[in-house]
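One structure is given here, and the rest of the page talks about it.
Just so you know, all these numbers are worked out from the coordinates, no wet-lab data involved. Since this is a predicted model, take the numbers as computed values, not measurements. For neighbour counting, all protein chains shown are included, and Cβ atoms are generated from backbone atoms with ideal geometry for every residue, glycine included.
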Ligand code: 5IU
């Protein structure tokens, strides 16, 4: 693991992934390495928050299956807003099945492949269930999906991703499929490769844990000590009575932490 990240501009010009080029470009333009996790349960609530958050974030993360009135109209609005406000749409689906089932789910009721830029995928199912299926969809211009994030480490207490060898095996899958894997979901940076982005959930400036296994730490820990690139923040913003104030706060602290030693 490298101590100093490669400067963002260099990473942007070096990467061969169109998705990572876009992510790094948005980061630099908007000065934001903040991904907002919007875990609201209705379309109206989600879209209202997207409207507020759009200008400040690199990405909006959703759980489509948690939105009770999810519809194609919702995804149309979301993609229009993403194009207008320049953010990445991240569906946190956590695919974890046979390749064939993953493919069915990508094109199922929610048509995830058609509106999400990036999705999460568990490493547990192994290389062959991941590589071929996602590559096929990503290479097809008919779909919006442009990359996957492999889950190398979870933020939850007692997560089995800390079992011997699991995280290393996830990194190996990423290294073998660099055209498909855009980066990781992790707690501590897992790869020195400058072209794999390290996204980290479990960030909250005002609380340490919920009562359901989540573990939170601050931005300094996540970005400076654990060397991640992008912070994923949910309830620190979405449960606040002043979400815009919190968005600005998280964005500024996270950006300063990331760019401290970056002169690009
Ligand atoms: N999320 C985690 N931890 C993980 C993974 C995903 O928290 O290891 I993989 C998701 C869950 C939630 C968001 O949608 O990230 C974090 O939101 P809170 O900051 O509200 O806990």
Sorted largest first, the Cα spans of segment 131-221 on the principal axes come out in Å as 42, 30, 25
When the chain is treated as a Gaussian network with springs between alpha carbons less than 10 Å apart, the largest mean-square fluctuation among 165, 202, 234 is found at 165
extent check for segment 104-176: Cα max minus min per principal axis, descending, whole Å, gives 39, 26, 18
The exposure ranking of 27, 81, fewest beta-carbon neighbours within 10 Å first, is 81, 27
In units of 2.2 N^0.38 Å, the Cα radius of gyration of segment 1-150 is 1.06
GNM on the chain, Cα springs under 10 Å; top mean-square fluctuation among 33, 175, 20 goes to 175
Computed over the chain, the distribution of all Cα-Cα distances in 10 Å bins, rounded to whole %, is 7, 32, 40, 20, 1
Check: C-alpha center segment 241-264 vs C-alpha center segment 159-194, spacing in Å is 25
The Cα radius of gyration of segment 110-264, divided by 2.2 N^0.38 Å with N its residue count, comes to 1.09
Whole-Å distance linking the alpha carbon centroid of segment 60-130 with that of segment 212-233 is 23
One would report the Cα pair-distance distribution of segment 1-62, bin width 5 Å, in %, as 4, 17, 22, 18, 15, 12, 7, 5, 1
Quick calc of log₁₀ I(q)/I(0), segment 145-193, Debye, one scatterer on every Cα, no solvent, q values 0.20 1/Å, result -0.63
